[in-house]
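Rule-based calculations on the coordinates, nothing more; no lab input. All values reported here derive from a predicted model rather than from experimental measurement. Reconstructed Cβ throughout: ideal geometry from the backbone, glycine too, with neighbour counts over all protein chains shown.
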Amino acid sequence: AQSVTQLDSQVPVFEEAPVELRCNYSSSVSVYLFWYVQYPNQGLQLLLKYLSGSTLVESINGFEAEFNKSQTSFHLRKPSVHISDTAEYFCAVSPYLIQGAQKLVFGQGTRLTINP
Amino acid sequence: NAGVTQTPKFQVLKTGQSMTLQCAQDMNHEYMSWYRQDPGMGLRLIHYSVGAGITDQGEVPNGYNVSRSTTEDFPLRLLSAAPSQTSVYFCASSYSVGGYEQYFGPGTRLTVT
């Protein structure tokens, strides 16, 4: 079984400041790792994912996350945030499976609020 | 492509009533799933399906039924609504390939009084 812990339920930051959203996971098997974003009153969208290879993955809008196997972490960072980044961010894992049910296990979510 | 669609967007039920939340996708995805989102708990898997005629239980299946007669549709039935089922429900779909992105619908906000 897998579990995901997001260490901060709310993170307020000022515009153009850096931010880090923390995610730790537990699993007895290898996993895929994801960050999803939920803008107000919308569904979830994939922000970035780690499947294998380079441990640093990037999104098209400036976020990046680093997979740390020894610490079982997948923290999300952005060097300079914008008002439009205000959203709830979810870390999620699914067990390594080449084919079949891609069941996601989500963390509790972190609400990122950007203040001008 | 419409992606993943869900109806209705909002619903209010009385305790004991039944209803069906609709979910459809037009991407020919094999894998479909239902989640509920509650404050401070993230999203929890209710039921999932890896293809037409194949369904299985997730983490919180009690009080819900599903069936999958076509690739496109995956309805979620509440048999006898309870206040504990007040939540936002999301349907998602993806290919059944490891690590593939899951696409989420816009959600159904359900209140049970």
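With (1) of a type in the set (A, V, I, L, M, F, W, C); (2) within 26 Å of A:Pro40 (Cα to Cα); (3) within 14 Å of chain A (Cβ to nearest Cβ) as the list, and B:Val12 as the residue in question, which single condition is left unmet?
Here B:Val12 meets the rest and fails (3).
Scan the range B:76-102 for residues that are farther than 17 Å from B:Phe10 by Cβ and not hydroxyl-bearing (Ser, Thr, Tyr) and report the count.
9
Is it the case that B:Val50 is without any contact (Cβ under 8 Å) to a residue 12 or more places away in the chain and surrounded by fewer than 20 Cβ atoms within 10 Å (Cβ to Cβ)?
Against the criterion (without any contact (Cβ under 8 Å) to a residue 12 or more places away in the chain and surrounded by fewer than 20 Cβ atoms within 10 Å (Cβ to Cβ)), B:Val50 does not qualify.
So, in the range B:60-113, of the ones that are over 26 Å from A:Trp35 (Cα atoms) and among the β-branched types (Val, Ile, Thr), which residue ends up nearest to the other protein chains (Cβ to nearest Cβ)?
Ranking the qualifying residues of the range B:60-113, first place goes to B:Val66.
Show me the strands (runs of 3 or more DSSP E) found entirely inside the range A:11-112 where at least 3 residues are farther than 21 Å from B:Tyr100 by Cα and within 14 Å of chain B (Cβ to nearest Cβ).
Result: empty, no element qualifies.
Return yes when A:Thr55 is under 24 Å from A:Lys103 (Cβ atoms) and under 15 Å from the mean Cα position of the chain (by Cα) and no when it is not. So that I can check it myself, show each step before the final result.
Details: under 24 Å from A:Lys103 (Cβ atoms): yes; under 15 Å from the mean Cα position of the chain (by Cα): yes.
Spelling it out, A:Thr55 is indeed under 24 Å from A:Lys103 (Cβ atoms) and under 15 Å from the mean Cα position of the chain (by Cα).
Can you name the residue in the range B:1-41 that is among the acidic types (Asp, Glu) and touching a Ser or Thr at 6+ places or on another chain (Cβ under 6 Å) and is also farthest from A:Leu7 (Cα to Cα) among such residues? Steps first, please.
Of the range B:1-41, the ones among the acidic types (Asp, Glu) are B:26, B:30, B:38.
Restricting the remaining residues to those that are touching a Ser or Thr at 6+ places or on another chain (Cβ under 6 Å) gives B:30, B:38.
Numbers: B:Glu30: 33, B:Asp38: 17 Å.
Once the filter is applied, the top-ranked residue is B:Glu30.
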